[in-house]
């Protein structure tokens, strides 16, 4: 039976070989290694019992950088700014009010699995990172945050790209992002507990392959 150190060495060697093969293929020109995307659309912050009192629909601006390891697998980094939109929501037992959520920043790293077809390329994606709810104590913000709060977050979803020209394409993306605030996070927790905050996002934009 292989001991742990030898098995670990074999796993590392295999991973390095796969990575080297992907990089070599990208550098040889058979696969464009880098791809950048800019997208916009709609993002929903779902209601939960400890932070968000009702559904907010905000406008996300998304930028991503992708590095292809092979025609199927790629590593991706993504940054999102969720711009709040004022809307009428229910707050507590009182009348509906015109409110905004905090500005939200999300930064995620993950992987994408693409399945190239004749005229388009669907993909699945997932990753992890963090989400920051920016401080704002304006009376029309809910929750009001004296200090910015950062939480661990996961994302998963899928989408598709359709080529327009040799390097340009249209990309559509459907993604779920879930943040896990700390149980004592001011403004995002109640009574020593904090619910996960789910944020579904639909975006469309352009991508450029180098």
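What follows draws every value from the coordinates through simple rules; no lab data is involved. Everything numeric in this text was worked out from a predicted model, so none of it was measured. Cβ: placed from backbone, ideal geometry, glycine included. Neighbour counts: every protein chain shown.
Determine which single condition residue 187 fails, assuming it passes every other condition in (1) in contact (Cβ under 8 Å) with a residue 60 or more places away in the chain; (2) over 20 Å from residue 75 (Cα atoms); (3) part of a strand (DSSP E or B).
(3)
Report whether or not residue 123 is under 17 Å from residue 78 (Cβ atoms) and surrounded by fewer than 16 Cβ atoms within 10 Å (Cβ to Cβ). Can you show your working first?
On the way: under 17 Å from residue 78 (Cβ atoms): yes; surrounded by fewer than 16 Cβ atoms within 10 Å (Cβ to Cβ): no.
Here the answer is no, as residue 123 does not meet what is asked.
In this structure, is residue 111 without any contact (Cβ under 8 Å) to a residue 24 or more places away in the chain and assigned to a strand (DSSP E or B)? I'd like the intermediate steps shown before the answer.
Numbers: without any contact (Cβ under 8 Å) to a residue 24 or more places away in the chain: no; assigned to a strand (DSSP E or B): yes.
No: the conditions fail for residue 111.
Mind telling me which of the residues 74, 51, 113 ends up being touching a strand residue (DSSP E or B) at 6+ places or on another chain (Cβ under 9 Å) and surrounded by fewer than 15 Cβ atoms within 10 Å (Cβ to Cβ)? Step through it out loud before you land on a result.
Details: 74 fails: surrounded by fewer than 15 Cβ atoms within 10 Å (Cβ to Cβ); 51 fails: surrounded by fewer than 15 Cβ atoms within 10 Å (Cβ to Cβ).
Being touching a strand residue (DSSP E or B) at 6+ places or on another chain (Cβ under 9 Å) and surrounded by fewer than 15 Cβ atoms within 10 Å (Cβ to Cβ) holds for just one of 74, 51, 113, which is 113.
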